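Chemist: Structure provided below as C-alpha cells; questions to follow.
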Amino acid sequence: MAERLLLTKYIDDPTSHTLEHYKSVGGYEAIRKALSMASDEITNTVKESGLRGRGGAGFPTGMKWSFIPKTDKPKYLICNGDEGEPGTFKDRKLLENLPHMLIEGMVIAAKAIDCHQAYIYIRGEFNKGIDIVSKAVDEAYAAGLLGKNILGLGFDLDLAVYAGAGAYICGEESALINSLEGRRGHPRLKPPFPAISGLYNCPTVVNNVETLCNIPHIINMGGAEYKKIGTEKSPGTRVFSVSGQVNRPGVYEIELGTPLLELINVQCQGMKDGKKLKAVIPGGSSAPILTAEEAGTATMDFESIASLKSMLGSGAVIVLSEDADLVETTYRLASFYAHESCGQCTPCREGTHWVKDLLGKIRKGKGSQKELDLILSLSRNMEGGTTICPLADACVMAVRPTIQKFTSEFTSRFKQIEDSLTNQEEAGVPA
Amino acid sequence: MAYQFSSHNEATFNKIKGQFPDKRSLILPCLYFVQRDIGYVDKEGMEYIAERIGDPISLAQVYGVATFYTMYNKKPVGKFHIQICSNISCYLAGSDSITKGFCDKLGIQKGDTSTDKMYTVDEVQCLGACGFGPVVQINDRYHENLRAEDIDGLIAALRAEVH
C-alpha cells in the first residue's frame, strides 16, 4: 500500500496549475469521454467506483448525485472549498496546484446531474487559491472547456468562483448555501436536504474539492478499476494533511487502508526530535483522539478509524508527541468551536463557550474535579441532535475523548493547586 | 464625496452580477469591494451596497451579513493587518512566541493598532496552513514556518513597502 499517486502525481511541477501542463499529462481527456456518456451512465460509474466524499462525512458520491430529481427546475453544483478545520489544509494544495483537475471533475459532475451553473466556494483567506482558480476558470472558458457547447459536445456549463469570509461553519453544506445566497452562514434545518431544495431552493449537490478531483480519474479508469485501489469499503486514495510534531509535516496522497504509523514514520519521516508518540487526532480537530496504542493498530480507512470510535473526517492528521500539553491543545480546540459557533442553537452557542471557559480555568491551574465533571455533563447536552448542525457535537468529540483517555493530564493541574496550598499552609501562609 | 466603488471594483461588479440568479448573492463580494477600497466596511459603504444591489436588499440585511463574517473589518485596521494563527498545529509549532514577538516589537497589545496606523495585530483561529506553522497572514499574503527571529526582518520588509 502506502504512497499511491493518482491526484497528486504531478503536483510538484511548478506549472501544474496551468492548462498547458494539465493537458500535457492527459488532462481533459475524461471530459471528452464523459460528455459522450448518458448522465445516468456517469453516475453509475461513480457509484461503481465506491467513491466516498472526501470532505468529512464520507457519504457515497454517486448516491448523492442520484438523489437529484429529474425535474425542469435548475440544478446547481457547488464545490466546497471552505476548508477551515484545525489540522486540515489539503484542499488548499489541490486548489492552488490542480485547479484544472477540479474544473474537469466539476464539468463531469454537472453533466451527471443535468446542471448548467456551478460555483466554487473557497474560504476567503485563501487569496492565492482564489486567484489561481479564477485564472484557471478564465483559461478553461477561453479553451472551450466551459461555457456554451463544451468541446462541441452539446453540453453547457457556467462556472463562477465565490469567496467566503472567514466563517468555519460555511463548510457545512447548508450554511455554505446560505452564504452563497448572500446570507449569514446559518445551517438550515433538514429535511429538505439540498438535493431537493438547496441553492435558490433548487436541487443542489455540494461536493468537496478532493472528491471532485477524483472524478476524472474514475471516468478514465472505469469504476471497477478504481475500486481495486484501497480497501473494499473505502476505495481509492486519500490526500491527507499531516501537521504537529513530525519531522516532515505536509500533504500526502496514500492508498486508503495504509497503516497510520506508516504515514507518520515513512511519509512524514517520524517524530520530531525523536520523541515518543503520545496521541493522534486522525481526521481533523473534531475526530476523537487516539492514544499511541490505538494509533499503532489503525489503518487509514473509514472502517478502521470508525472501529476505534473516531473518524477519518477531513483527512487531517494531527500528531502529538510526549511533549504535547493536552490540556492546552484541548483548550485551543474548544476556543475554536466557541469562536466559530454560528449562534443559532442554544446548546452550541452557550455550550461551546462554557466548555472553553471551564477548560480555561483548568488550564490556569484554578480548576477542580467539579469543572471536569461539568464539562462531561455539558457534553451530554450538546450532542446527538440537540442542534441544527454538528458543530456542537464536533466540540464534544474534540474535548471529551481527550479528557477520558488522558484524565491524569487534566487532574494533574488540580494537584498543582492542592500542592501549592499545602506548601503555603506548611510555610505558615494564611489561606 | 460619497463612497462609490473604485473603477476596478465597478468593473468586477458588472462582470459578476450576471453570475447569480438572485442578486442577494452579490452582498459578500460587494462587502469585499468596500473593504479593499477603504480598509474596512463602514455604514456609508454598506448603504451604498444596498443601493447598488437594489430592492429588496436593505442596509439592515447588508449589516447583518457583514457582522456575521470575521473577515470584514468593522473598524479601521492598520495598513498591515497581521493575523497570527493560534490554533492547535500552529500552537504546537510555537505561535505564542510569534504573537508575543510582534506585540513586543510593535509595542502594542493583541487586537490593537499602532499609533502610526501602520500595524494591527490580531490572533485568529485556523488559517488552514497547519503543516507549515506558525503561520501569519499579513493582508492577503501568508507567511509560513515563521520563527521568532524572523519577525524583525518581516517588519523591516513591511516598512520598506511603504517607503
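Chemist: With angles folded into 0 to 90 degrees, how steeply does helix B:151-162 sit against the dominant principal axis of chain B? Use alpha carbons for both and round to 10.
Modeler: The angle comes out near 40 degrees.
Chemist: Top mean-square fluctuation among B:Arg24, B:Arg52, B:Arg141, Gaussian network model of chain B, C-alpha springs under 10 Å?
Modeler: Of B:Arg24, B:Arg52, B:Arg141, the Gaussian network model singles out B:Arg141 as fluctuating most.
Chemist: Working out 0.36 nm times the residue gap between A:Arg380 and A:Ser408, then minus their Cα-Cα distance, what length gain in nm do you get to one decimal?
Modeler: 7.9 nm
Chemist: With an 8 Å cut-off on Cα pairs and a minimum separation of 6 or more residues, tell me the relative contact order of the range A:65-167 in percent.
Modeler: It comes to 31 percent, rounded to a whole number.
Chemist: Work out the P(r) tail for the protein assembly as shown: percent of alpha carbon pairs separated by more than 38 Å, whole number.
Modeler: Result for the distance tail: 31 percent.
Chemist: Given H placed on each backbone N at 1.01 Å, which residues far from A:Thr237 in sequence or on other chains put an amide H within less than 5 Å of it?
Modeler: Long-range HN contacts for A:Thr237: A:Leu256.
Chemist: Please work out the C-alpha center-to-center distance from the range A:257-328 to the range A:52-72 and express it in whole Å.
Modeler: Spelled out, the Cα-based centre of one part sits 28 Å from the other.
Chemist: Same structure again: If you roll a 1.4 Å probe over the heavy atoms of the protein chains, what accessible area per residue do you get for the range A:79-220, in Å²?
Modeler: For the range A:79-220, the per-residue accessible area is 25 Å².
Chemist: Also, quick follow-up: Total accessible area buried between chains B and A, 1.4 Å probe, in Å² to the nearest 100?
Modeler: Using a 1.4 Å probe on protein heavy atoms, the buried area is about 3600 Å².
Chemist: Taking B:Lys75 as the anchor, which lysines have their alpha carbon closer than 17 Å to its alpha carbon, excluding any fewer than eight residues away along the same chain?
Modeler: B:Lys43, B:Lys110, B:Lys117
Chemist: Per residue, how much accessible area does the range B:1-71 show when a 1.4 Å probe rolls over the protein heavy atoms, in square angstrom?
Modeler: Per residue, the range B:1-71 has an accessible area of 49 Å².
Chemist: Going by alpha carbons, how many degrees (0 to 90, nearest 10) lie between the helix axis of B:43-53 and the longest principal axis of chain B?
Modeler: Result, in degrees: 50.
Chemist: Additional query: Using DSSP to call loops (not H, G, I, E or B), can you name the GluC sites (Glu not before Pro) in the range A:215-291 whose Cβ has at most 16 other Cβ atoms within 10 angstrom?
Modeler: Within the range A:215-291, the qualifying GluC sites (Glu not before Pro) (loop, at most 16 other Cβ atoms within 10 Å) are A:Glu232.
Chemist: A further question on this structure: Mind checking which lysines have their C-alpha under 22 Å from A:Lys70, skipping anything on the same chain fewer than 8 residues away?
Modeler: By straight Cα distance, A:Lys70 reaches A:Lys47, A:Lys111, A:Lys148, A:Lys190.
Chemist: Using a cut-off of 14 Å between beta-carbons, work out the net charge of the residues near A:Tyr337 (Lys and Arg +1, Asp and Glu -1, A:Tyr337 not included).
Modeler: -3
Chemist: Among A:Met311, A:Met37, A:Met106, which one moves the most in a GNM of chain A with springs linking Cα atoms closer than 10 Å?
Modeler: With Cα springs under 10 Å in chain A, the top fluctuation among A:Met311, A:Met37, A:Met106 is at A:Met37.
Chemist: Within 10 Å of each Cβ of B:88-98, how many other protein chain Cβ atoms are there on average?
Modeler: The shielding value for this peptide is 6.
Chemist: Further question: Could you grab the relative contact order for chain A? Cα pairs under 8 Å, six or more apart, rounded to a whole percent.
Modeler: Answer for chain A is 16 percent.
Chemist: Let me ask something additional. With a 1.4 Å probe and every protein chain kept in, tell me what percent of the accessible surface of chain A is carbon plus sulfur.
Modeler: 51
Chemist: Sticking with this one: Simple spin-label model, 7 Å along Cα-to-Cβ: A:Thr15 to A:Glu29 in nm?
Modeler: Here the answer is 1.9 nm between the modelled labels.
Chemist: Once you sort the root eigenvalues of the Cα gyration tensor of the range A:182-333 as a ≥ b ≥ c, which label holds: rounded (a/c under 1.5), prolate (a/b larger than b/c) or oblate (the other case)?
Modeler: Taking the square roots of the gyration eigenvalues as a ≥ b ≥ c, the range A:182-333 is oblate.
Chemist: Would you list which lysines come within 27 Å of A:Lys276, measuring only between C-alpha atoms, while excluding same-chain residues fewer than 8 positions from it?
Modeler: Those lysines meeting the cut-off are A:Lys90, A:Lys309, A:Lys364, A:Lys405, A:Lys415.
The values are calculated or read from the model by the stated rules, or taken from the named source; none is laboratory data. On a predicted model such as this, the values are computed, not experimentally measured, just so you know. Please note: Cβ atoms are built from the backbone with ideal geometry, for glycine as well, and neighbour counts cover all protein chains shown. Just so you know, the surface numbers come from the protein's heavy atoms only, side chains and all, with ligands and any DNA or RNA stripped out. Shrake-Rupley method; radii C 1.70, N 1.55, O 1.52, S 1.80 Å.
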